[in-house]
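Trainee: This is the structure I want to talk about, given as structure tokens.
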Amino acid sequence: METIKLKDLTFKPYIRREEISSAIKHVAKQINKDLADKSPLFLCVLNGAFVFAADLFREIEIPDAEITFIRMKSYIGTHSTGEVQMISGLHEDISGRTVVIVEDIVDTGFTLLQLKEMLQECNPAEIKVATLLFKPDSLKYDVTIDYVALDIPQAFIVGYGLDYDELGRNLKDIYIVQE
Ligand code: 5GP
């Protein structure tokens, strides 16, 4: 596979679609087992998680599982702004429910912490977290992540729903920035 250029940055192939797919199947299997009798509501965090959520949710075999979407924004370019905004909110009643946050990537954990705090105010029975990617070396906040598909190092990546200034979301594989 070739390197690609998005605006001023060059990215090289990093995780192929086959590896992503089997990691997602593995996570889905765990969720199917753990939450079988919980009527889980999956909460896809837009924009980045839409591709992951679509693939993950199709592997969920819990008949009464549901999915809904919220929209958050914290990154501009390749850096976190340190501020998280919920741009489009939650319309479902989550009180007493098992909610599974579906994230594209957990970096410092700040977005996730903020989101969990917002959701706690609505009194869910429990909040679980499933993320496609996790950067363990970047984590700064005390948040529990229940399901991780793939661990990655502290570097900027794009593809499979993740963007660089809105570009690269349509790439089928995950690419890493070339220093
Ligand atoms: P955190 O709040 O955990 O520091 O950052 C989480 C958010 O930052 C993610 O939902 C994602 O939007 C963005 N982010 C963090 N690392 C990366 C990365 O390597 N690539 C891309 N495209 N976005 C990232």
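A short reminder: the numbers here are calculations on the coordinates, not readings from a lab. None of these values were measured; they are calculated from a predicted model. When we count neighbours, we look across all protein chains shown, and the Cβ atoms used for this are built from the backbone with ideal geometry, even at glycine.
Trainee: Please work out the Kirkwood hydrodynamic radius for the stretch 30-175, using every pair of different C-alpha atoms, and report it in angstroms with one decimal place.
Mentor: This gives a value of 15.5 Å.
Trainee: Strictly greater than 12 Å: what percent of every Cα pair in the stretch 109-153 meets that?
Mentor: Result: 63 percent of Cα pairs exceed 12 Å.
Trainee: With each label point set 7 Å from Cα along the Cα-Cβ vector, what nm distance links SER39 and ASP165?
Mentor: Between SER39 and ASP165, the label points sit 4.7 nm apart.
Trainee: Please give the length that would be gained between ARG58 and ARG16 if that part of the chain were fully extended, namely 0.36 nm times their separation in residues minus their C-alpha to C-alpha distance (nm, one decimal).
Mentor: 13.2 nm
Trainee: Moving to a separate point now. What's log10 of I(q)/I(0) for the stretch 129-172 at q = 0.13, 0.17, 0.22, 0.30 Å⁻¹, Debye sum over Cα points only, no solvent?
Mentor: Ignoring solvent entirely, the Cα scatterers give -0.33, -0.55, -0.84, -1.09.
Trainee: Once Rh for the stretch 1-54 is found with the Kirkwood sum over Cα pairs, what is the Stokes-Einstein diffusion coefficient at 4 °C and 1.567 mPa s, in µm²/s?
Mentor: Diffusion coefficient, whole number: 93 µm²/s.
Trainee: Something else about it: Can you tell me the alpha carbon radius of gyration of the stretch 30-76 divided by the globular rule-of-thumb value 2.2 N^0.38 Å?
Mentor: That ratio works out to 1.25.
Trainee: Moving on to the next point. Can you list the HN-Hα couplings for the stretch 42-52, worked out from phi with the Karplus curve (6.51, -1.76, 1.60; θ = phi - 60°), rounded to whole Hz and with x for Gly and Pro?
Mentor: 7, 10, 7, 8, 7, 8, x, 8, 5, 6, 4
Trainee: Report the extension gain between GLU121 and VAL177 in nm, rounded to one decimal, defined as 0.36 nm multiplied by the number of residues separating them, less their alpha carbon distance.
Mentor: Extending this stretch completely gives an extra 16.4 nm.
Trainee: Under the Karplus relation 6.51 cos²θ - 1.76 cosθ + 1.60, θ = phi - 60°, what is the ordered set of whole-Hz ³J(HN,Hα) values for the stretch 111-124, x standing for Gly and Pro?
Mentor: 4, 5, 4, 4, 5, 4, 5, 4, 6, 4, 5, 8, 6, x
Trainee: Return the long-range amide H neighbours of PHE69 (sequence gap of 5 or more, or a different chain), with a cut-off of under 5 Å between placed amide H atoms.
Mentor: Close amide H contacts, sequence-distant or interchain: CYS44.
Trainee: Quick one: helix 17-34 against the long Cα principal axis of the chain, what's the angle to the nearest 10°, folded into 0 to 90?
Mentor: In the chain, helix 17-34 runs at an angle near 10 degrees to the longest axis.
Trainee: Now for a separate question. Name the long-range amide H neighbours of THR98: under 5 Å, sequence gap of 5 or more, or other chain; modelled H, no Pro or chain starts.
Mentor: When sequence neighbours closer than 5 places are left aside, the close amide H contacts are LEU41, ALA125, GLU126.
Trainee: With only alpha-carbon pairs counted, each pair once and no self-pairs, how large is the Kirkwood hydrodynamic radius of the stretch 92-179 in angstroms?
Mentor: Hydrodynamic radius (Kirkwood, Cα pairs) of the stretch 92-179 is 14.1 Å.
Trainee: Apply 1/(1 + (r/R0)^6) to the Cβ-Cβ distance of ASP8 and PHE50, taking R0 = 30 Å, and write down the FRET efficiency to the nearest 0.05.
Mentor: 0.75
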